[in-house]
Amino acid sequence: MGSLVKDYFAAKQGQTPDQIYHVTVMPCYDKKLEASRQDFYSDLYRTRDVDCVITTGEVEKMLEKENVTLGQVEGNTAYCVLSGFGSPDGGLGSHLGGGSGGYLEHVMRYAVSQIHGSSVDSLQYKTLRNQDFQEVTVEIEGKRPLKMALAYGFRNIQNIVQKIKRGKMTYDFVEIMACPSGCANGGGQIRPMEGQTNNELLQRVKESYDSVPCVQPDLWPGVKDIYEEWLGGVDTEKARAMLHTQYHGVEKVASALNIQW
Ligand code: SF4
């Protein structure tokens, strides 16, 4: 999103990246740390892909302080410029199985279509140790089965790491989320109201997410257009530079909190 706003959107507005101040609303405080990574800083324009990260909980506090509700806040033109890439009615769009913030469902469906030239109506998830550790397998006659898993929360991530260390990893793809239940349950999300349990709030968040029209990203014309117009195609050098990132080893700090995986 950072490069989309600072590169594509800025150019569309006839501006340079440093002339845009990009604020994102995110589910956790870790996103502030992520936005400050050197990989997302432009030496040329002396600006970051994301200038400011605030959490949903912080937005709620800001609204409370101003004594307004979200419904009373007017929209702005920036939203309209990008809204053509959302749902068919120009509003928000979600993707299948995305309530947690992950793309496993889409990745599996896309892999089935690209690798096996086939499609699946619905994916059957098998719960392993708990709801936050599930696997899904697609078997098509005469083809190699595709097997993927989701592991949310550090307990389940640890399990995956151990499987890798023992050479027993059999999945083609694993979706990892630090928070149990994924981003819907992120540490920066709004807190339950008085008398409401965390699970009830989580359920409401999921229902709200599911009520948004679903868009299949690779079939949506707006997405195709943006790849062509901005990146010159799907598998281009610019697409890799703008949409991919790399991770670098962080020096280990001796601390009692260090976990031995
Ligand atoms: S899973 Fe949790 S830590 Fe990871 S991005 Fe989502 S809210 Fe943040």
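Give the residues of region 42-74 that are touching a residue at least 12 places away in the same chain (Cβ under 8 Å) and within 16 Å of Pro27 (Cβ to Cβ), sorted by residue number.
Correct list: Val50, Cys52, Val53, Ile54, Thr55, Thr56, Gly57, Glu58, Val59, Glu60.
Only residues that are under 30 Å from Gly249 (Cβ atoms) and either away from the ligand (no atom under 16 Å from the Cβ) or surrounded by 17 or more Cβ atoms within 10 Å (Cβ to Cβ) (or both): list them for region 19-33, please.
Selection gives His22, Thr24, Met26, Pro27, Cys28, Lys31.
Condition check ((1) touching a helix residue (DSSP H, G or I) at 6+ places or on another chain (Cβ under 9 Å); (2) more than 16 Å from the ligand (Cβ to nearest atom)) across all residues:
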{"site": "Gln114", "(1), (2)": "no, yes"}
{"site": "Ser122", "(1), (2)": "no, yes"}
{"site": "Arg129", "(1), (2)": "yes, yes"}
{"site": "Val138", "(1), (2)": "yes, yes"}
{"site": "Lys143", "(1), (2)": "yes, yes"}
{"site": "Lys147", "(1), (2)": "no, yes"}
{"site": "Tyr152", "(1), (2)": "yes, no"}
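Name, by its number, the condition in (1) assigned to a helix (DSSP H, G or I); (2) touching a Ser or Thr at 6+ places or on another chain (Cβ under 9 Å); (3) among the polar types (S, T, N, Q) that does not hold for Asn159.
Only one criterion in (1) assigned to a helix (DSSP H, G or I); (2) touching a Ser or Thr at 6+ places or on another chain (Cβ under 9 Å); (3) among the polar types (S, T, N, Q) is unmet by Asn159, namely (2).
Among residues belonging to region 1-18 that are among the aliphatic types (A, V, I, L, M) and surrounded by fewer than 15 Cβ atoms within 10 Å (Cβ to Cβ), point out the one that is farthest from the ligand (Cβ to nearest atom).
Ala11
Could you check, for region 151-173, whether at least one of its residues is under 21 Å from Pro27 (Cα atoms) and either of a type in the set (Lys, Arg) or in the same structural domain as Met26 (by TED's automatic domain parsing) (or both)?
Yes, region 151-173 has at least one match.
Give the number of residues within region 181-225 that are assigned to a loop (DSSP other than H, G, I, E, B), more than 24 Å from Val53 (Cα to Cα) and either within 14 Å of the ligand (Cβ to nearest atom) or of a type in the set (Val, Ile, Thr) (or both).
Qualifying residue count for the region: 2.
From the list Val120, Val107, Val138, Val112, which residue is touching a Pro at 6+ places or on another chain (Cβ under 9 Å) and of a type in the set (Val, Ile, Thr)?
Residue meeting the stated conditions: Val138.
Within the bounds of region 5-24, is there any residue that is out of contact with any Phe, Trp or Tyr (no Cβ under 9 Å at 6 or more places or on another chain) and of a type in the set (Asp, Glu)?
No: region 5-24 contains no residue that is out of contact with any Phe, Trp or Tyr (no Cβ under 9 Å at 6 or more places or on another chain) and of a type in the set (Asp, Glu).
For region 114-139, how many residues are farther than 19 Å from Gln216 by Cα, out of contact with any Gly (no Cβ under 9 Å at 6 or more places or on another chain) and not in a strand (DSSP E or B)?
So the count comes out to 2.
The conditions are (1) touching a residue at least 40 places away in the same chain (Cβ under 8 Å); (2) within 16 Å of the ligand (Cβ to nearest atom), and Ile157 fails exactly one of them. Which is it?
Ile157 satisfies all of (1) touching a residue at least 40 places away in the same chain (Cβ under 8 Å); (2) within 16 Å of the ligand (Cβ to nearest atom) except (1).
The values are calculated or read from the model by the stated rules, or taken from the named source; none is laboratory data. The model shown is predicted, which means the values in this text are computed figures rather than measured ones. Ideal geometry is used to build each Cβ from the backbone, glycine not excepted, and the neighbour counts take in all protein chains shown.
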